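S.K.: Please read through the structure below; I'll follow up with questions.
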Amino acid sequence: MPFFQSDDQLQSQGQSILEEVWTKFPWLAQNQLAMTWLVYDPPFITNTGGSISPQEFWQYPVRGYSYRGVECIYPASVVKLFYLVAAHEWLETGMMQPSAELERAMQDMIIDSSNDGTGLVVDMLTGTTSGPELPPEPFKTWQHQRNIVNRYFQSLGWPELGTINANQKTWGDGPYGREQAFVGETRANRNRLTTEATARLLHSIVGGVSVSAVRSQAMLDLMLRDLNPDVLAADPENQVTGFIGGGVPLDTKVWSKAGWTSTVRHDAAYIELPHRSPYLLVVFTESKQASDNEDVIPFISAKVAEVVPNHPG
């Protein structure tokens, strides 16, 4: 059973938005886009500061629309959200001890999408380090340790997580040594996510039920984006321009994590528009042209924002 309910109205609106996308961007193939969109109707169960128990939260019906939402796609830096949740789980259960360096790495991983910060987080989560190639037996142990994050997410029992892979560091120039051997010459073991898996993880964070209410809030705090044009202009690597936050009005609140390489451009965001129902949007786009194009994801974001229901709050 999916964690959201397919909805006729959202289905119609979602299909209509995608038709507009392909009309405006005819170079984007239909299999180069995946999208999952959830709308939260009153009473709102998101951003409550953890006032709803996990049992209660997961029983609330959520309307959603998904297009190719179960397709496995290389997630780029969106996988950092999964490492963030795992790090908080390890800290909560005492599997990892808090430290100033870990805190700095987690912040940089999400706020600035630092690959170097992510590398430290992955090392601490798994008890492994990068380096030269290893002999077969030590390498087997190393690989088992590196899959601990995957084992954690499988243990949650969410069907959306059944096909994902979160065991690789994120790179600038790419892996070397044991990391290259681990990902494989054909990259068969590279990270992979679906928009539905990403949406469910983000849904749990904004619902205050990821690890704990306090830790969910700490994760959200790192994801809050500043839409001020001056702030964005000063940071060309910001995760708003060319992404979901680039398609909403300036008085919107956006919590997000983007991913971008030479072949993909992705974003996952939770949005609160004034006087509208809150919603969650995950968009993955693939191809060199999609990577270079800063208009596709903001276009989708703007179209979604136009049709989100009003509420008098």
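S.K.: Using each residue's phi in the stretch 204-218, evaluate 6.51 cos²θ - 1.76 cosθ + 1.60 at θ = phi - 60° and report the 3J(HN,Hα) Karplus result to the nearest Hz, with x for Gly and Pro.
M.R.: Computed from phi, the couplings for the stretch 204-218 are 5, 5, 6, x, x, 10, 8, 6, 7, 4, 5, 6, 4, 5, 4 Hz.
S.K.: Could you work out which residue, out of Ser51, Ser77, Ser301, moves most in a Gaussian network model of the chain, that is, has the largest mean-square fluctuation with Cα springs under 10 Å?
M.R.: Ser51
S.K.: FRET efficiency for Thr263 and Ser53, Cβ-Cβ distance as r, R0 = 35 Å, nearest 0.05?
M.R.: For Thr263 and Ser53, the calculated efficiency is 0.25.
S.K.: Mind putting a number on the dipole of the stretch 75-221 about its Cα centre? Charges go on the C-beta only, +1 for Lys and Arg and -1 for Asp and Glu, and I need it in Debye to the nearest 20.
M.R.: In total the dipole reaches around 400 debye.
S.K.: Here is a further query. Taking the Cβ-Cβ separation of Ser155 and Asn31 as r and a Förster radius of 30 Å, what is the calculated FRET efficiency to the nearest 0.05?
M.R.: The formula returns an efficiency of 0.45 here.
S.K.: Normalised by the number of residues in the chain, what is the relative contact order in percent for Cα pairs under 8 Å and 6+ residues apart?
M.R.: Once normalised by length, the contact order is 23 percent.
S.K.: When only C-alpha pairs under 8 Å and at least 6 residues apart count, what is the relative contact order of the stretch 167-279, in percent?
M.R.: Here the relative contact order equals 17 percent.
S.K.: Still on this structure, I have one more. Quick check: the angle from helix 296-307's long axis to the longest principal axis of the chain, C-alpha only, nearest 10 degrees?
M.R.: Approximately 40 degrees, to the nearest 10.
S.K.: Answer with one residue from Tyr83, Val149, Asn115: the one whose Cα lies farthest towards the positive end of the charge dipole of the stretch 74-193, charges on Cβ with Lys, Arg +1 and Asp, Glu -1.
M.R.: After comparing all options, I get Val149.
S.K.: A further question on this structure: With label points built 7 Å along Cα→Cβ from the Cα atoms of Asp235 and Trp22, find their separation and express it in nm.
M.R.: Once both label points are built, they end up 3.6 nm from each other.
S.K.: Same structure, new question: Just want to confirm a number: the relative contact order over the stretch 70-144, from Cα pairs under 8 angstrom separated by 6+ residues, in percent.
M.R.: 25
S.K.: Right, next: My understanding is that a pair violates if its Cα-Cα distance is over 18 Å; which of Lys253/Lys288; Lys80/Lys169; Lys24/Lys303; Lys80/Lys288 do that in this structure?
M.R.: As for pairs spanning more than 18 Å Cα to Cα, those are Lys253/Lys288; Lys80/Lys288.
S.K.: Would you calculate, for the chain, the mean residue ellipticity at 222 nm contributed by helices, counting each DSSP H stretch of 4 or more residues as -39,500 (n - 2.57) and dividing by all residues, to the nearest 500?
M.R.: Result for the chain, helices only: -12500 deg cm²/dmol.
S.K.: In the chain, what % of DSSP beta bridges are antiparallel (nearest 5)?
M.R.: 95
S.K.: Any idea what the dipole of the chain comes to, in debye rounded to 20, about its Cα centre with Lys/Arg Cβ at +1 and Asp/Glu Cβ at -1?
M.R.: 640
Here, each number is a calculation from the coordinates, and none is a lab measurement. These figures come from a predicted structure and were not determined experimentally. So basically every Cβ, Gly included, is an ideal-geometry build from the backbone, and we count neighbours across all protein chains shown.
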